[in-house]
Amino acid sequence: MLGIPDPAIWMALVLCLASTVLCVIYGALNWNRDDDSVCESPDRERAWEKEEERLEEEL
Amino acid sequence: MQPASPLVLAAATSDIRVLVIVTLIYVLIIGYLGFYGYKTTHTSTDYLLAGRNIHPWVMALSYGATFISTAAIIGFGGVAAQLGMGLLWLTCLNIFVGIFIAFVLLGKRTRRMGHNLDAHTFPELLGRRFDSRFIHVFAACVVFLLMPLYAAAVLRGGAEFLRATFQIDLVVATFAFALIVATYVVAGGLRGVMFTDALQGSIMFVGMLVLLGITYSKVGGVVEGHRALTELASQVPEGLAGAGMRGWTAMPSFGSPIWYSMVTTIILGVGIGVLAQPQLAVRFMTVRSGRELNRAVLVGGVFILVMTAVPYLVGSVSNVYFMKTQGTLALTGAGGNIDQVIPLYINSAMPSWFVVLFMLTLLSAAMSTISSQFHAMGTAIGRDIYEQGLRRGRVTGAASILVTRVGIIVAFAITLALALWLPAGIIAAATAVFFGTCAAAFLPMFVGGLFCRGVTRAGAQAGMVAGFLAALLWLAFAHANSARRLMICKTLFDRDSLVPFPWSSIDPLVIALPISILTTVAVSLATRRLDDGHLDRCLAGVGKRPTGT
């Protein structure tokens, strides 16, 4: 296959491509899934964190 | 694997003015991205975790670019020229384990648990998961003590490249390279590191794709090139044939020295060892949600395919090119120096404009790896050891960022000193030491901590110490290739290894990881579990898919 006689080598090549296809399909199918972000927006989280740090420093 | 002097030949024939101008433009853009990171960094979460809201493409490219150093392209490309396409199994593991398993199974849980525990570094995540300051500080010390050696190897490679390109002194090149990287890491934190990584990863991706295309066009196409390579099997040097090599398109004979070296050290050692690399694992905590990791899987898979398969294919096929044009094998043409094969090939076969692109590719590979190493070492010294270990968390706000910045400067100084003064042999072995010890010490408790409530604090501590010691001892006294370079076994026992073949060819990971796993399980079964309240807090939402998305 592809000019490579040893199955152990062309199988590696095929599995490389198959693994990549798996990554692409998984990424595409789950493109908008698993949005489990804890905060609503980064800005809000940052504001919260700054407030926390201010309070800690005051304490 | 440490390139001795990459691109010496290529640089000598390139127009130095073009190289200088292109490199200066490149450094200016890198500087701007570092500055952008600085301007958008306000809190310690920004500095340590890029604000936990990095774009998935940036995350994936940064992960890949950090993973792939100059040595992976030059060093492993040279190994492929010598040993053939069996290295493609490493690409399989890099994609399936290093991207798919890492992102989908470990990454999402790491991100969620990191958020639950407000962890900012990999050692902090492990320490808080098992409620153990010992684990936290021990893990940070492993990073602090061993990563400088690994970083020194990458730094030396990058400096050699600068020395060859600009014809400057090695000490000046080493200092300049380290200073440029350290400046944008200190200023921009992880945000600066990841933005620059993304640019560098993009350059690397284009460079490798072009290299692949031109290479196959030079040897008459994919199938024709592979056929010609297969026909070269009769030219395998006697020494390699005796050690098990059967040609460049065939796996080495099962159980031969080359087979053990290729399968355990290169394929398993690097392929699995990547899962517990602190500078990579921390990237899972930089994205906002599991959705970003899903998207990053797509980008990361394609990126790693190109970045790892191309050097192995090109390295192997370069033998056909050299045989056609010079009547010799690639390694023979390079004077027997594995690290000179790819530079020689680039110089001989590629158009001059590609030499410039390839140099940028190598510079990017070195910079993206070492910037993440500086950041990981800096956070280990500043955040983990000083702030959390010595000051017990009594450092907050701007002082916390300052402490980490000082930590990065300390890491910079140590790495610079090691790169300049350590013998090349020890530096080359250092990469194996870091990969082996990290995987053996951290992987069982990292995976156990993400998936299993039954792993106890004592189990995690015992497994970590057992794996760490087993890996170190195996490297120093058993694994002949590393032990020879470290010279401890030779000094004490006047032998390269205390164990016979095939044990002396087996990578430390294959020995130390099972020891670490067994120790973790056995001690966990015999000791008291962490309390349910703590476990509930650690694992809240971990492994669960959000509804309604």
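Read-outs throughout are calculated quantities, based only on the coordinates presented, and are distinct from any laboratory measurement. These figures come from a predicted structure and were not determined experimentally. All Cβ positions, glycine included, derive from the backbone under ideal geometry; neighbour counts span all protein chains shown.
Please report the relative contact order for chain B, taking Cα pairs under 8 Å with a sequence separation of at least 6, and give it as a percent rounded to a whole number.
On the way: 982 pairs, mean separation 150.7, N = 549.
Relative CO of chain B lands at 27 percent.
In the stretch B:425-533, what is the volume of the convex hull around the alpha carbon atoms, normalised per residue and reported in Å³?
Values: hull volume 10.4 nm³, N = 109.
Enclosed volume per residue, from the Cα hull, is 95 Å³.
Around B:G220, what is the net charge, scoring Lys/Arg as +1 and Asp/Glu as -1 over all other residues with Cβ under 10 Å from its Cβ?
+2
Which is the longest stretch in chain B that no exposed loop site breaks, taking sites as trypsin sites (Lys or Arg not before Pro) with a DSSP loop state and at most 16 other Cβ atoms within 10 Å?
Numbers: sites that count: B:R391, B:R392, B:R394, B:R453, B:R495, B:R528, B:R529, B:K544.
No qualifying site falls inside B:1-390, the longest such stretch.
Counting only residues 5 or more places away or on other chains, whose amide H sits under 5 Å from the amide H of B:I54 once H atoms are built in the peptide plane?
Under 5 Å from the amide H of B:I54: B:V287, B:R288.
How much length, in nm to one decimal, is gained on full extension between B:A522 and B:A413, taken as 0.36 nm per residue of separation minus their Cα-Cα distance?
Extending this stretch completely gives an extra 35.1 nm.
What are the lysines whose alpha-carbon lies under 23 Å from the alpha-carbon of B:K544, with same-chain residues fewer than 8 places away excluded?
Leaving aside lysines fewer than 8 places away in the same chain, those within reach of B:K544 are B:K108.
Using the Karplus curve 6.51 cos²θ - 1.76 cosθ + 1.60 with θ = phi - 60°, what ³J(HN,Hα) values do you get for each residue of the stretch B:133-143, in whole Hz, with x for Gly and Pro?
Once rounded to whole Hz, the list reads 5, 4, 4, 4, 6, 4, 4, 5, 5, 4, 5.
Hey, if you put +1 on the Cβ of every Lys and Arg and -1 on every Asp and Glu Cβ in chain B, which of B:L525, B:Q277, B:I16 ends up farthest toward the positive end of that dipole?
Result: B:L525, furthest along the dipole toward the positive end.
Can you give the three extents of the C-alpha atoms in chain B along their principal axes, from longest to shortest, in whole Å?
70, 53, 53
If we count other beta carbons within 10 Å of each Cβ, what is the order of B:H55, B:H226, B:H375, fewest first?
Details: B:H55 19, B:H226 27, B:H375 30.
Ranking B:H55, B:H226, B:H375 by Cβ neighbours within 10 Å, fewest first, gives B:H55, B:H226, B:H375.
Would you mind giving the mean number of other chain beta-carbons within 10 Å of the Cβ of each residue in B:214-224, as a whole number?
Numbers: counts 0, 0, 0, 0, 0, 0, 0, 1, 3, 4, 1.
Taking all residues of B:214-224 together, the mean is 1.
Between B:D15 and B:I214, what's the calculated FRET efficiency when r is the beta-carbon distance and R0 is 22 Å? Round to 0.05. It would help to have the intermediate numbers written out before the result.
Numbers: r = 19 Å, r/R0 = 0.88.
So the FRET efficiency works out to roughly 0.70.
For chain B, what does -39500 (n - 2.57) per DSSP helix run (n ≥ 4), summed and divided by total residues, give at 222 nm, in deg cm²/dmol to the nearest 500? Let's see the in-between values first.
Details: 26 runs with 373 residues, N = 549.
The helix-only estimate for chain B comes to -22000 deg cm²/dmol at 222 nm.
Over the whole of B:303-309, what's the average partner chain Cβ count within 10 Å per residue? Rounded to a whole number, please. Intermediate values should be presented prior to the final figure.
Values: counts 2, 4, 7, 1, 0, 1, 5.
Counting other chains' Cβ atoms within 10 Å and averaging over B:303-309 gives 3.
What average count of beta carbons from other chains do you get within 10 Å of the Cβ of residues in B:288-301?
Details: counts 8, 7, 6, 8, 3, 3, 10, 6, 2, 8, 10, 3, 3, 9.
So the per-residue partner count for this stretch is 6.
If you average 1/r over all unlike Cα pairs in the protein assembly as shown and invert the result, what Kirkwood radius do you get in angstrom? Don't skip to the answer; put the middle values down first.
Details: mean 1/r = 0.0410 Å⁻¹.
In the protein assembly as shown this quantity evaluates to 24.4 Å.
Which value, in debye to the nearest 20, gives the size of the charge dipole of the protein assembly as shown about its Cα centre, when Lys and Arg are +1 and Asp and Glu are -1 at the Cβ? Please report the intermediate quantities before stating the final value.
On the way: 42 positive and 35 negative charges, 99 e Å.
It comes to approximately 480 debye.
Please report, in Å, the Rg and the Dmax of the stretch B:120-171, where both are computed over Cα atoms only.
Rg then Dmax for the stretch B:120-171, in Å: 17.2, 52.
If you place +1 on the Cβ of every Lys and Arg, -1 on the Cβ of every Asp and Glu, and leave all else neutral, what size is the dipole of chain B about its Cα centre, to the nearest 20 Debye?
Values: 37 positive and 21 negative charges, 304 e Å.
Its charge dipole is roughly 1460 debye.
Got a sec? Charge dipole of chain B, +1 on Cβ for Lys and Arg, -1 for Asp and Glu; which of B:L199, B:S289, B:T431 is way out at the positive end?
Selected residue: B:S289.
Looking at the stretch B:58-125, what % of the alpha carbon pairs are farther apart than 14 Å?
Numbers: 1611 of 2278 pairs.
Counting every Cα pair in the stretch B:58-125, those more than 14 Å apart make up 71 percent.
Taking the dipole about the Cα centre of the protein assembly as shown, with the C-beta of Lys and Arg at +1 and of Asp and Glu at -1, give me whichever of B:Y36, B:V510, B:V314 is farthest to the positive side.
Of the candidates, B:V510 comes out farthest on the positive side.
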